[in-house]
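Undergrad: Structure in structure tokens, see below.
The values are calculated or read from the model by the stated rules, or taken from the named source; none is laboratory data. Worth saying up front: this structure is predicted, and the values here are computed from it rather than measured. We place every Cβ from the backbone using ideal geometry, glycine too, and count neighbours over all the protein chains shown. Accessible surface is based on the protein model in full, side chains and every heavy atom, while ligands, DNA and RNA are left aside. Shrake-Rupley method; radii C 1.70, N 1.55, O 1.52, S 1.80 Å.
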Amino acid sequence: MPELRVRALIFDMDGVVIDSGDMYAKHWRVWGEAHGIDYETHIAHVHPGRPPLETMRIVAPGLDASAESRAFNDALEQDQEEDAISAMPGAAALLESLPDGRWTIATSAFRGVAEEWLRHVGLPVPAALVTVDDIERGKPAPDPYLRAAELLGVGPARCLVIEDAPAGVSAAKAAGATVLALRTTHGAADLGEADFGTAGLHTVSASVRDEGLLVSWEPAGD
């Protein structure tokens with residue numbers, strides 16, 4: 001199994017530690033129908049990894065993206081069908097094995113949604129959590145991962161980012177981090193910018209080594 005020594009781990013949330021695909025797909029379909037925008041052809045391939053604001057700017061440049069994203073967030077927060085989300089296989093065991101201050105999450109979700117969903121699926125909310133509310137530019141810009149590394153007190157080059165979406169991989173690489181891509185929502189062809197690949201968090205393990213972490217995983221088969 002490949003091994004890598006790093007100072008800290010930074011996780012994306014959706015598609016990495018939480019399975020929220022059905023929830024987002026539902027709300028994006030509703031939003032698309034309200035604005036005459038087809039989900040399959042115009043939204044589905046754009047939104048993964050990006051904040052709603054950035055997706056809306058791309059697929060509907062004529063709308064007030066700020067107002068639309070606030071309304072989208074409100075709808076997500078008010079959605080009571082939380083059974084549509086769950087912890088990804090292996091997420092709880094891996095996060096529980098990591099010491100405080102050696103890991104965090106950088107997500108394109110809003111803070112209220114991120115904290116509520118993490119608690120709902122039984123996962124810890126890290127003190128250094130970075131959400132779209134904390135940065136000026138969302139993924140694929142490097143800002144979320146630069147901010148996460150800063151909060152952890154570790155240089156981005158000494159962090160391993162675990163991502164599942166092309167926009168998130170691009171953000172992490174632009175920040176200067178090493179990237180392990182999970183093939184939970186995208187295939188290998190879409191994640192080619194990543195340094196390494198694996199099937200999901202259930203294949204990943206980490207242990208404390210001196211002042212850092214030794215991370216290992218099962219390589220993804222092609």
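Undergrad: For residue 81, all conditions in the list (1) farther than 22 Å from residue 132 by Cα; (2) modelled with pLDDT of 95 or more hold save one; what is the number of the exception?
TA: Every listed condition holds for residue 81 apart from (2).
Undergrad: If you go through segment 67-92 one residue at a time, how many are assigned to a helix (DSSP H, G or I), free of Cβ contacts under 8 Å to residues at least 24 places away in the same chain and out of contact with any Leu (no Cβ under 7 Å at 6 or more places or on another chain)?
TA: Of the residues in that region, 6 qualify.
Undergrad: Please go through segment 146-160 and give me each residue that is in a helix (DSSP H, G or I) and open to solvent by 60 Å² or more (accessible area, probe 1.4 Å), ordered by number.
TA: Within segment 146-160, 146, 147, 150, 151, 157, 158 meet the criteria.
Undergrad: What number of residues within segment 130-145 satisfy the criterion of being without any contact (Cβ under 8 Å) to a residue 60 or more places away in the chain and either open to solvent by less than 10 Å² (accessible area, probe 1.4 Å) or assigned to a helix (DSSP H, G or I) (or both)?
TA: Total satisfying the criteria: 6.
Undergrad: Restricting the search to segment 3-41, which residues are among the polar types (S, T, N, Q) and farther than 20 Å from residue 74 by Cα?
TA: 41 - this is the single residue of segment 3-41 that is among the polar types (S, T, N, Q) and farther than 20 Å from residue 74 by Cα.
Per-residue answers, yes or no, for (1) of a type in the set (Val, Ile, Thr); (2) closer than 19 Å to residue 94 by Cβ; (3) touching a Cys at 6+ places or on another chain (Cβ under 8 Å):
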position: 116; (1), (2), (3): no, no, no
position: 153; (1), (2), (3): no, no, no
position: 161; (1), (2), (3): yes, yes, no
position: 164; (1), (2), (3): no, yes, no
position: 187; (1), (2), (3): no, no, no
position: 198; (1), (2), (3): yes, yes, no
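Undergrad: Right, next: Return yes when residue 199 is touching a helix residue (DSSP H, G or I) at 6+ places or on another chain (Cβ under 9 Å) and either over 21 Å from residue 50 (Cα atoms) or at pLDDT 95 or above (or both) and no when it is not.
TA: Taking the combined requirement at face value, the residue does not satisfy it.
Undergrad: Something else about it: Of everything in segment 43-56 that's open to solvent by 10 Å² or more (accessible area, probe 1.4 Å) and either at pLDDT 95 or above or of a type in the set (A, V, I, L, M) (or both), which residue is nearest to residue 169 (Cα to Cα)?
TA: 46
Undergrad: Output the number of residues of segment 1-50 satisfying the condition of being of a type outside the set (S, T, N, Q), in a loop (DSSP other than H, G, I, E, B), under 28 Å from residue 177 (Cβ atoms) and touching a residue at least 12 places away in the same chain (Cβ under 8 Å).
TA: So the count comes out to 14.
Undergrad: Moving on to the next point. If you go through segment 180-216, how many residues are touching a residue at least 40 places away in the same chain (Cβ under 8 Å), small (Gly, Ala, Ser) and assigned to a strand (DSSP E or B)?
TA: 5
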